[in-house]
Amino acid sequence: MRHRRKNSKLGVSQSHRSALLAHIVEGLIEHQRVRTTIDRAKEARRLAERLITIAKGKTLHARRLIMSELYSEKAAKKIFEIIGPAFSDVKGGFTRIVRESTRPGDGAQMVFLEFSKPIELAEPQPRERKKKSDGKPVAEIKGKEKKKWEDIPLVKKDSLEETKKEREKKAKKEERPESKGEEPQEEKKKGGFLSTLRKFLKGEK
């Protein structure tokens, strides 16, 4: 018998159902409005309102409970920092279901699950860099100064100096025979052992 069974199984397993509802609630937190079937909307509404009530606590235990239900850290942070404080003066009725037309395939009743009042999303503020007593950011002190692409040479100076030295050496080698005006003399071939022996016997040096 169906005594005290409030939840709808939605025709899926328990793990599939918890993941399905978590993703619907994440979409509601991200876009403030979700289009789904009426049965899924009723179940997701119960989860969303319970999480918003928990988010009002602003404790470490509340954060852990929200993270255990949702898969997205971004959605958990948003519900804790933006949506929870927006409903701080309201005790319940954070969401509402607005009926829409039926689905053409199977005739299921489609609805919009949305928040009961519009929520202004705060723009993310850039983090301020830590500053020392001098007033300069720490990153600028530790890191090297970034150079513009115009200041960076296409070829390194060391390589340019090496190429200049090589060119000068080649020019000097080419200029040596021309400056003297003499053709380079061929080296005389040295004799072998027999020629030196003959010279010695003849008394030649």
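Worth pointing out:
- With respect to the conditions (1) of a type in the set (A, V, I, L, M, F, W, C); (2) closer than 19 Å to ALA108 by Cβ; (3) surrounded by 14 or more Cβ atoms within 10 Å (Cβ to Cβ), VAL12 falls short on a single one, namely (3).
- The criterion of at least 3 residues that are touching a Phe, Trp or Tyr at 6+ places or on another chain (Cβ under 8 Å) is met by the following helices (runs of 4 or more DSSP H) wholly inside the range 1-83: 14-31, 38-55, 60-69.
- Enumeration of residues in the range 79-101 that are within 17 Å of SER116 (Cβ to Cβ) and within 30 Å of the chain's Cα centre (by Cα): ILE79, ILE82, ILE83, GLY84, PRO85
- Residue match in the range 55-71 (condition: hydroxyl-bearing (Ser, Thr, Tyr) and either within 26 Å of ALA108 (Cα to Cα) or surrounded by 17 or more Cβ atoms within 10 Å (Cβ to Cβ) (or both)): no
- Filter pass, ILE52 being surrounded by 13 or more Cβ atoms within 10 Å (Cβ to Cβ), touching a Gly at 6+ places or on another chain (Cβ under 8 Å) and among the β-branched types (Val, Ile, Thr): yes
Any read-out appearing in this document is the output of simple, stated calculations on the displayed coordinates, not a laboratory observation. Computed from a predicted model, the values in this text were never measured in an experiment. Note that each Cβ is placed from the backbone with ideal geometry, even for glycine, and that neighbours are counted across all protein chains shown.
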